[in-house]
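Taken together, the values in this text are just the output of simple stated rules run on the coordinates, not laboratory data. Bear in mind that the values here come from a model prediction, so they are computed numbers and not experimental data. Here the Cβ positions follow ideal geometry from the backbone for every residue, glycine too, while neighbour counts run over all protein chains shown.
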Amino acid sequence: MKHLVLEKGSAYPLGANRCIEGINFSLFSSTATQVILHIFLPDTSDSTYQITFDPQKNKTGSIWHVLIKNLAEDVEWEYGYQLDGNNQDPKNHFCPDLILLDPYSKHLNTNNQWGIKQKPLRGKLYPPSSFDWEQDTFPKIPLEQLIIYEMHVRSFTRHPSSSSKAPGTFSAIKEKIRHFKELGINAIELMPIFEFDECELHRNQSETEKPLYNVWGYSTCSFFSLMNRYGKEARQSSDEFKDLVKALHKEGIEVILDVVYNHTAEGGTRDPCFSFAGIDNNTYYMLTPNAEYLNFSGTGNTFNANNPVVMEFIIDSLRYFVTEMHVDGFRFDLASCLNRDEEGSLLTDPLSIRAITKDPILSHVKLIAEPWDAGGLYQVGAFPNNWAEWNGKYRDVVRRFIKGTDDVVGEFANAICGSEDLYGNSKNPYCSINFITSHDGFTLHDLVSYQEKHNLDNREENRDGNSNNDSWNCGVEGATDDPKILFLRLKQMRNLITVLLVSLGTPMLLMSDEYAHTRFGNNNAYCQDNELNWFLWDKLIENQEFYRFYKLMIAFRRTHASLLQRSSFLTSDDMEWHGHQPLKPNWSAESRFIAYTLKSKNSEDLYIAFNAHFEPASIELPLAPQGKKWHRIIDTSLISPEEFSEHPEQTSSPYTMSPHSAFIAKSL
């Protein structure tokens with residue numbers, strides 16, 4: 001190999017970056033006393049070049065750097081760092097025998113074969129991408145108009161019924177864009193797509209002894225590189241993702257990434273150590289005075305997000321995915337971790353959240369917080385004004401009311417009107433991301449079919465997953481052939497989707513709920529690479545009646561945008577509350593019925609009612625606007641296709657609502 005021509009290099013930008021003079025390598029470590037850059041030929045175990053940094057020449061402050069002027073450009077080099085320092089300080093964790101991953105690596109040396117234990121992680125140097133964005137533009141859909149579809153890349157097309165050319169990849173999603181259009185959603189929220197190790201669990205299924213995998217990917221190894229197993233070819237995963245984003249944007253669909261800046265895959269036992277811990281343990285992680293990892297993420301460690309260096313790292317990662325990958329926003333997993341200082345105490349004005357909020361790039365994309373963490377911090381309603389939040393309170397109160405819980409009618413009314421108690425102070429209803437189901441917890445079908453979680457297949461003795469689900473099995477736990485129970489469950493699913501799509505706020509739907517997917521009571525299927533998680537495309541035909549209702553409810557929301565997709569809260573001029581009789585709502589603890597009228601400027605008002613009682617309800621409709629009559633659109637107690645009338649039928653008053661049903665009429 002030829003002799004390398006080296007120069008001092010520059011501290012910024014961090015990572016390995018091509019410039020006119022060559023490739024600049026830059027790494028932060030405030031505590032290392034020795035840094036060696038190793039450069040490898042592809043798929044080799046011994047480094048071709050070793051460059052020991054001179055702290056007098058190749059270091060600026062806490063940043064180590066070097067410029068290589070003549071590294072061959074036709075070779076897909078791999079690289080990593082060897083660091084040493086003072087391990088007498090218990091907060092340090094130098095591993096001088098390991099080659100560590102650069103946190104800023106844009107590409108990794110992992111392959112695209114799922115379920116194969118990967119080689120030690122290294123950065124990968126590919127030639128600059130020539131991807132053509134073709135004048136791609138961000139759709140910039142207002143939050144109040146957004147209908148979000150939470151989904152998983154691999155599981156969406158992994159089942160043979162998807163008939164995808166490359167199942168489980170970004171490219172396979174592109175083949176299915178027509179499904180998003182048919183469904184009527186305009187944003188997809190992708191569960192983690194940063195590089196993770198699916199083989200980290202080291203557990204097998206109980207019956208087949210096949211390995212369990214970390215399917216969901218909430219265990220990030222690298223915050224700049226995409227999961228190579230999501231590409232048809234590992235070296236093309238970035239371009240394949242860009243191609244997907246470009247195709248979605250052409251169809252008016254936004255892309256939101258679920259990002260996990262609360263912890264890393266290095267765990268809480270200092271093993272494995274592949275990057276952050278061996279580079280600057282005390283900077284990247286929250287530690288106790290005894291150098292133990294603080295665990296507010298529930299996974300063993302917590303990223304030290306409000307350290308200025310870590311904050312800058314997070315900002316750089318987010319900006320990269322906006323500017324380079326054209327994503328439209330981010331959902332921050334366990335975002336309350338980002339509100340803690342290095343000792344775990346709550347900050348009133350956290351550096352990381354403030355920086356993201358005011359960033360000239362990030363302040364213009366969707367910012368969505370999961371406003372709690374595993375350490376008990378629950379902050380629904382507490383994030384800054386330009387953030388939206390997963391509204392866990394909405395989820396819980398809607399579930400409780402629809403299953404018939406006493407003393408929640410007032411909370412339910414508040415929730416469907418945009419949760420003004422949480423977002424009324426200088427915020428808007430669309431700051432509430434309303435959802436009934438998400439990847440965490442029961443699917444829509446299981447929410448009405450199981451009283452208890454059934455997670456034994458995860459091999460954690462049913463300890464994992466939430467035990468408080470506000471679910472109701474409608475009389476029998478799990479599968480049944482009782483037609484009355486099956487129809488009650490169908491009604492309850494219709495009711496829940498109806499509530500979600502008429503509520504003020506921004507609705508989020510869960511992948512596969514559109515055909516009533518079951519995980520057979522598993523409410524934490526993170527490790528199930530099988531039909532528990534996979535989208536079963538043939539079920540769209542098998543359950544086509546529910547799929548029809550689901551699509552029509554989405555279309556109903558969009559058709560009545562002026563009433564249901566408002567950017568401001570409702571006032572007495574916009575609505576009226578009713579009970580069984582007009583203008584006489586029953587707010588008592590025993591009440592399981594509520595109705596209201598939404599007033600339209602063109603006199604096409606909506607009357608919406610929910611009867612969560614075990615008994616029928618005889619309701620008297622209010623007077624329709626002058627010259628109009630009430631026409632029934634939805635009655636969830638009727639058989640398909642009558643439950644959603646595409647040609648509304650005039651309705652007489654009084655009208656009898658069945659137990660556990662929803663009713664919507666329109667003045668025409």
Cβ crowding within 10 Å averaged over residues, with 408-419, 451-462, 105-116 ranked highest first = 408-419, 105-116, 451-462
Value of [θ]222 nm, deg cm²/dmol, for the chain, DSSP H segments ≥ 4, -39500 (n - 2.57) each, nearest 500 | -6000 deg cm²/dmol
Computed over the Cα atoms of the chain, the Rg and Dmax in Å are 26.9, 91
Net charge of Cβ neighbours under 14 Å - reference residue 84; Lys, Arg +1; Asp, Glu -1 | -3
Out of the DSSP beta bridges found with both residues in the chain, what percent are antiparallel (nearest 5)?
-> 70
Pull up the cross-link candidates among the lysines for residue 403, meaning alpha carbon to alpha carbon under 29 Å and not fewer than 8 places away within one chain.
-> 393, 453, 484, 491, 539, 551, 584, 599, 666
Per DSSP, the loop-located trypsin sites (Lys or Arg not before Pro) within the stretch 560-629 having at most 10 other beta carbons within 10 Å are 601
Distance between Cα centroids, the stretch 280-330 to the stretch 422-436: provide it in whole Å.
-> 27
Run the numbers on the stretch 399-453 and let me know its relative contact order in percent, using alpha-carbon pairs under 8 Å that are six or more apart.
-> 19
Can you list the lysines whose alpha carbon is less than 21 Å from that of residue 246, not counting same-chain residues fewer than 8 positions off?
-> 106, 140, 165, 174, 176, 181, 232, 366
Sorted by mean Cβ packing within 10 Å, highest first, what order do the peptides 298-305, 646-653 take?
-> 298-305, 646-653
Rounded, prolate or oblate (a/c below 1.5 giving rounded, otherwise prolate when a/b exceeds b/c) for the stretch 575-667 by Cα gyration tensor = oblate
For residue 650 and residue 461, calculate 0.36 nm times their separation in residues minus their Cα-Cα distance, and state this gained length in nm to one decimal.
-> 62.6 nm
The chain: DSSP helices with Cα axial extent of at least 15 Å and average Kyte-Doolittle hydropathy no lower than -1.0 | 237-250, 308-323, 392-403, 483-502, 544-559
By DSSP, what percent of the beta bridges with both residues in the stretch 145-302 are antiparallel, rounded to the nearest 5?
-> 35
Of all GluC sites (Glu not before Pro) in the stretch 9-99, which ones are in loop regions per DSSP and have a Cβ with at most 16 other Cβ atoms within 10 Å?
-> 21, 73, 76
Tally Lys and Arg at +1 and Asp and Glu at -1 over the other residues with C-beta under 10 Å from the C-beta of residue 103: what net charge comes out?
-> -3
Within the stretch 584-634, list the GluC sites (Glu not before Pro) lying in a DSSP loop whose Cβ has at most 11 other Cβ atoms in a 10 Å radius.
-> 590
Mean separation of Cα contacts under 8 Å (at least 6 apart) over the residue count of the chain, i.e. the relative contact order in percent, is 10
Kindly give the semi-axes, whole Å and largest first, of the ellipsoid equivalent to the stretch 362-497, taking each as the square root of 5 times a Cα gyration tensor eigenvalue.
-> 30, 19, 12
Largest-first principal axis extents, alpha carbons of the stretch 109-208, Å = 43, 43, 27
Cα-based Rg then Dmax for the stretch 15-112, in Å, read 13.8, 43
Please report, largest first and rounded to whole Å, the three semi-axes of the ellipsoid equivalent to the stretch 164-290, where each semi-axis is the square root of five times an eigenvalue of the C-alpha gyration tensor.
-> 31, 19, 13
